[in-house]
Amino acid sequence: MKLSFASTVVLMLAVAALLAFGPLVLPPFYVRVGQLMLYSAGLAVAWAILGGFAGYASFGHAAFIGVGAFAAGLVENRASGLSAPLLLLLGVTVGGLCCAVLSAAIAYPILRLRGTFFAIAMLGVSHVCAEITNNVDFFEGSLGLNFPSVTPSGLEPATFFYWLYLVGGLAVLLIAWQIRRSRFGAGLLSIREDEDTARMLGVPTERYKRLAFVISAVLTGMLGVIYGHSLGYITTDSVYRDDTNLSLIVYSMLGGMGTLFGPIIGAFSLVFITQVLLGRLLDFHLFATGLLLVILVLAAPGGVLGIARTVSLRRHKVTTAPAE
Amino acid sequence: MSAPILSVDRLFKNFRGLAAIAEVSFTIVPGSITSIIGPNGAGKSTLFNLVTGYVAPSAGEIKFQGRRITGLATNRIAELGIARAFQIARPFRDLSVFDNVRIGALFGKAGPRDVASTTAHAMELAAIAHLADQPASTLTVGQLRHLEVARAIATRGDLLLADEPCAGLNPTETAAMIDVLRQIRGSGVTVVLVEHDMPSVMEVSDRILVLDAGRLIADGPPDVVAKNPQVIAAYLGSPD
C-alpha cells in the first residue's frame with residue numbers, strides 16, 4: 001500500500017474530480033447525502049490529526065464547529081456590504097481564528113490529561129461553549145442566527161455546498177497527508193505510541209501536541225463555517241451536537257484509527273448506512289452508531305483498514321513462509 | 001585527562017522524606033564504559049531518571065559537556081546528546097523496527113539530518129538490520145533490548161545510558177549485547193550501564209560505581225571495586 005508522492009497526488013485529485021460530477025448526475029436526495037458524506041469526511045480527517053495521529057481522542061470537537069459557525073455568522077451579519085465570495089472568505093477566516101484562539105488557550109491544561117480524561121474534558125469544553133452561546137444574548141444562540149446567502153446565482157445551493165465541502169475536505173486531507181509524511185507527523189505517532197519514550201528520544205511532545213490540537217481545531221472550525229452556511233440558519237443545538245462528538249470517534253474506529261484514509265472510509269460508510277440504509281427509521285441512527293461502536297471495539301479494533309492489513313499480512317506470510 | 005562528558009555534583013533526590021539519592025558526586029570520562037551497580041533499590045534507575053530530566057533533583061547539579069542541564073526538559077536533554085535505553089523495553093509497538101529507530105534519528109541530537117543513513121547505521125550497530133520491516137510487537141525480549149539500544153543510538157547522542165540491557169537475556173544473548181555495547185563505545189559514544197550481571201560488568205567496564213541506599217560507596221576499576229570490603233558487605237551483608 002506504499003504509493004509514491006506523485007501517484008498519491010494523482011489518485012487523490014482523480015477521486016476528487018470523479019466525486020465532483022456527483023451533483024450533475026445524482027438525484028437531489030443523494031446530492032444531500034453526498035454533501036453530508038463529504039462534510040463528515042472532512043471533519044473526520046481534521047479530528048484524526050489529533051485523535052488518530054497523536055492518540056488524543058477528543059469527545060468534544062463539536063465545540064469548534066459551533067465556535068467557528070457562530071463567530072462567522074456574527075461577523076458576516078455585520079459586514080453586509082461585502083460580495084458573497086468575500087463574505088464567505090471573511091467568515092472562514094474569522095471562524096478559523098476564533099478556534100485557533102480557543103484551542104491555544106485551553107491546550108496547555110487540557111493536553112496534560114491523557115486518554116479518557118482528555119476525551120471527557122473535551123466533552124466538557126463542548127458543553128460549556130454551547131451553554132455560553134445559548135445564554136449570552138450577544139451570541140444569539142437560543143434565538144438563532146441567519147447566514148447571508150453566498151450561493152452564486154444560477155447554481156443550486158445543494159450543488160454549491162457539495163462542491164464547497166469537496167474542496168474543503170480535499171484541503172483538509174492534503175494538510176493531514178503532509179503532516180503524516182513530515183517529521184512532525186512521525187513525532188505525533190511516537191506520542192500516540194508512548195509519550196514518555198518519545199520525550200526521551202527528543203520529541204518536543206508538549207509543543208507537538210499543542211500544534212496538532214490547534215490545527216485540528218482550526219480545520220474543524222472552518223468546516224463548521226461552511227456547515228452554518230449550508231444550513232442557512234443555526235441555533236446552539238444545530239452545531240453543538242453530541243451525536244457529532246460521538247460520530248467523529250466512530251468514523252476513525254470504523255475506518256482505521258490513526259490511518260490517513262480510514263476516517264474517510266468510516267465517514268462515508270457510516271453516513272451511507274445511517275442516511276440511506278436506515279434513512280426511514282427516524283432517529284434510529286444514534287442507536288445504530290452506538291451499536292456499531294460496541295461491535296467495532298469488540299470485533300475489529302483496527303477498523304476496515306485494520307482488517308485489510310491483517311488479511312494482507314496473512315497472505316504475505318503464506319507466500320513468504322517456504323522461503324525461510 | 002580530558003574534560004568529563006558528564007559531571008554530577010552533590011546530587012540529592014528525596015521521595016517524601018526518603019533519600020533515594022544522597023550526596024552523589026562523580027564524573028564520567030568520554031569514551032569510557034562505566035557501570036553503576038548496587039543492590040535493588042540502591043537508586044540506580046533514579047540516577048538515570050535525574051540525568052535524563054525525567055525527575056527533578058531535590059538538590060545538586062548535573063553538567064553535560066560542561067553545560068548545566070539540571071531542570072531542563074527531557075526532550076531538550078535528549079537534543080543535547082544524552083540517549084537512554086529503558087530497563088523494560090518500551091518499543092512503539094504498532095510501528096516497524098525501522099520506524100522505531102527512525103524516530104530516534106528524526107529527533108534526538110541527530111535532528112532531521114541524514115535520517116536514512118543514521119537509521120541504517122544504528123540498526124546495523126545493534127545487529128537488528130535484518131528485522132527492519134517487522135512490527136515491533138513481534139520481537140522477542142532479546143530483540144526488543146537491541147531495538148531499545150538501536151533507537152537510543154540513532155539519536156546520535158554522545159552519552160548512552162543503558163538501564164540493564166542484559167536483564168532477562170540468556171548467556172548467548174548477553175554476550176551479543178556486550179559486543180554491541182563495545183562497538184557503540186568504539187564508535188565514539190560514552191556508555192554508562194546499570195547492570196546486575198556481574199561477569200559482564202567485570203568484563204566490559206573501565207570503571208565501576210557502586211551505589212547502596214542512595215549513596216556512592218565505591219568508585220574505581222573493576223578489580224579494585226570487587227575487593228572493596230564495603231561493596232562486599234552491601235551485596236552479601238556484613239559479617240558481624
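The values are calculated or read from the model by the stated rules, or taken from the named source; none is laboratory data. Worth saying up front: this structure is predicted, and the values here are computed from it rather than measured. All Cβ positions, even for glycine, are placed from backbone atoms using ideal geometry, and neighbour counts span all protein chains on display.
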query = Going by the structure shown, is B:ILE88 surrounded by 22 or more Cβ atoms within 10 Å (Cβ to Cβ) and out of contact with any Asp or Glu (no Cβ under 8 Å at 6 or more places or on another chain)?
reply = no
request  = Kindly indicate whether any position in segment A:168-185 is assigned to a loop (DSSP other than H, G, I, E, B) and at pLDDT 90 or above.
outcome  = yes
ask   = Taking only pairs six or more apart or across chains, which ones have beta-carbon atoms under 6 Å, a first residue in segment A:189-202 that is within 7 Å of chain B (Cβ to nearest Cβ) and within 18 Å of B:ILE82 (Cα to Cα), and a second residue that is assigned to a loop (DSSP other than H, G, I, E, B) and charged (D, E, K, R)?
value = A:THR197/B:ARG90
Close pairs (7 angstrom Cβ cut-off, 6 or more residues apart or separate chains): in a loop (DSSP other than H, G, I, E, B) in segment A:128-153, crowded, with 16+ Cβ neighbours inside 10 Å and among the small types (Gly, Ala, Ser) anywhere = A:PHE147/A:GLY73; A:PHE147/A:GLY228
Count - residues of segment B:82-115 that are touching a Leu at 6+ places or on another chain (Cβ under 9 Å), assigned to a loop (DSSP other than H, G, I, E, B), more than 19 Å from B:SER45 (Cα to Cα) and more than 9 Å from chain A (Cβ to nearest Cβ) = 0
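Out of the residues in segment B:150-167 meeting the condition of being part of a loop (DSSP other than H, G, I, E, B) and hydrophobic (A, V, I, L, M, F, W, C), tell me which one is modelled with the highest pLDDT.
Quick first cut of segment B:150-167, residues part of a loop (DSSP other than H, G, I, E, B) only: B:155-158, B:164-167.
Those still in the list that are hydrophobic (A, V, I, L, M, F, W, C) too: B:166-167.
On the way: B:CYS166: 86, B:ALA167: 83.
So, considering only residues that are part of a loop (DSSP other than H, G, I, E, B) and hydrophobic (A, V, I, L, M, F, W, C), the one modelled with the highest pLDDT is B:CYS166.
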ask   = Which residue pairs have Cβ atoms closer than 8 Å, lie 6 or more positions apart in sequence or on different chains, and pair a first residue in segment B:38-60 that is farther than 20 Å from B:ILE217 by Cβ with a second residue that is assigned to a helix (DSSP H, G or I) and acidic (Asp, Glu)?
value = B:TYR54/A:ASP196
request  = Starting from residues that are among the hydrophobic types (A, V, I, L, M, F, W, C) and surrounded by fewer than 16 Cβ atoms within 10 Å (Cβ to Cβ), keep the ones in segment B:187-212 and report whichever is modelled with the highest pLDDT.
outcome  = B:MET202
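Every residue, every condition in (1) closer than 23 Å to B:ARG113 by Cα; (2) hydrophobic (A, V, I, L, M, F, W, C), yes or no:
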residue: A:LEU170; (1), (2): no, yes
residue: A:PRO204; (1), (2): yes, no
residue: A:TYR208; (1), (2): yes, no
residue: A:SER216; (1), (2): no, no
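Only one residue in A:ALA119, A:ALA104, A:ALA71 is in a helix (DSSP H, G or I), surrounded by fewer than 18 Cβ atoms within 10 Å (Cβ to Cβ), of a type in the set (A, V, I, L, M, F, W, C) and under 21 Å from the mean Cα position of the chain (by Cα). Which one?
It is A:ALA104.
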query = So B:SER137 clears everything in (1) assigned to a helix (DSSP H, G or I); (2) closer than 22 Å to B:ILE5 by Cα; (3) over 16 Å from the mean Cα position of the chain (by Cα) except one condition, right? Which one?
reply = (2)
task = Taking the options B:GLY111, B:GLY71, B:GLY60, name whichever one is modelled with pLDDT under 90 and closer than 25 Å to B:ALA22 by Cβ.
result = B:GLY71
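Can you find even one residue in segment A:205-223 that is outside any helix (DSSP H, G or I), more than 14 Å from chain B (Cβ to nearest Cβ), under 19 Å from the mean Cα position of the chain (by Cα) and buried (at least 24 other Cβ atoms within 10 Å of the Cβ)? Talk me through it step by step, then tell me what you get.
Here is the first cut: in segment A:205-223, the residues outside any helix (DSSP H, G or I) are none.
Checked segment A:205-223: no residue is outside any helix (DSSP H, G or I), more than 14 Å from chain B (Cβ to nearest Cβ), under 19 Å from the mean Cα position of the chain (by Cα) and buried (at least 24 other Cβ atoms within 10 Å of the Cβ).
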query = What is the one condition in (1) farther than 25 Å from B:LEU50 by Cα; (2) touching a strand residue (DSSP E or B) at 6+ places or on another chain (Cβ under 8 Å); (3) among the acidic types (Asp, Glu) that B:GLU195 does not satisfy?
reply = (1)
key: Given (1) more than 21 Å from B:VAL8 (Cα to Cα); (2) surrounded by 13 or more Cβ atoms within 10 Å (Cβ to Cβ); (3) free of Cβ contacts under 8 Å to residues at least 60 places away in the same chain, number of the condition B:ALA234 does not satisfy   = (3)
key: Condition met for B:VAL180 (more than 9 Å from every other protein chain (Cβ to nearest Cβ) and touching a helix residue (DSSP H, G or I) at 6+ places or on another chain (Cβ under 7 Å))   = yes
ask   = Taking A:GLY60 and the conditions (1) surrounded by 24 or more Cβ atoms within 10 Å (Cβ to Cβ); (2) touching a Ser or Thr at 6+ places or on another chain (Cβ under 7 Å); (3) part of a helix (DSSP H, G or I), which numbered condition does it fall short on, given that it satisfies the others?
value = (3)
remark   = Going through segment A:174-188 in order, the residues found to be more than 17 Å from A:LEU113 (Cα to Cα), more than 8 Å from every other protein chain (Cβ to nearest Cβ) and of a type outside the set (S, T, N, Q) are A:LEU174, A:ILE175, A:ALA176, A:TRP177, A:ILE179, A:ARG180, A:ARG181, A:PHE184, A:GLY185
query = Looking only at helices (runs of 4 or more DSSP H) that fall completely inside segment A:224-281, which ones have 2 or more residues that are under 14 Å from the mean Cα position of the chain (by Cα)?
reply = A:242-255, A:262-271
inquiry  = For segment B:40-81, which positions are more than 18 Å from A:PRO204 (Cβ to Cβ) and either among the hydroxyl-bearing types (Ser, Thr, Tyr) or assigned to a strand (DSSP E or B) (or both)?
reply    = B:SER45, B:THR46, B:SER58, B:ALA59, B:GLY60, B:GLU61, B:ILE62, B:LYS63, B:PHE64, B:ARG67, B:ARG68, B:THR70
ask   = Can you tell me which residue in segment B:37-65 is surrounded by the most Cβ atoms within 10 Å (Cβ to Cβ), limited to those that are within 14 Å of chain A (Cβ to nearest Cβ) and within 21 Å of B:VAL204 (Cα to Cα)?
value = B:PHE48
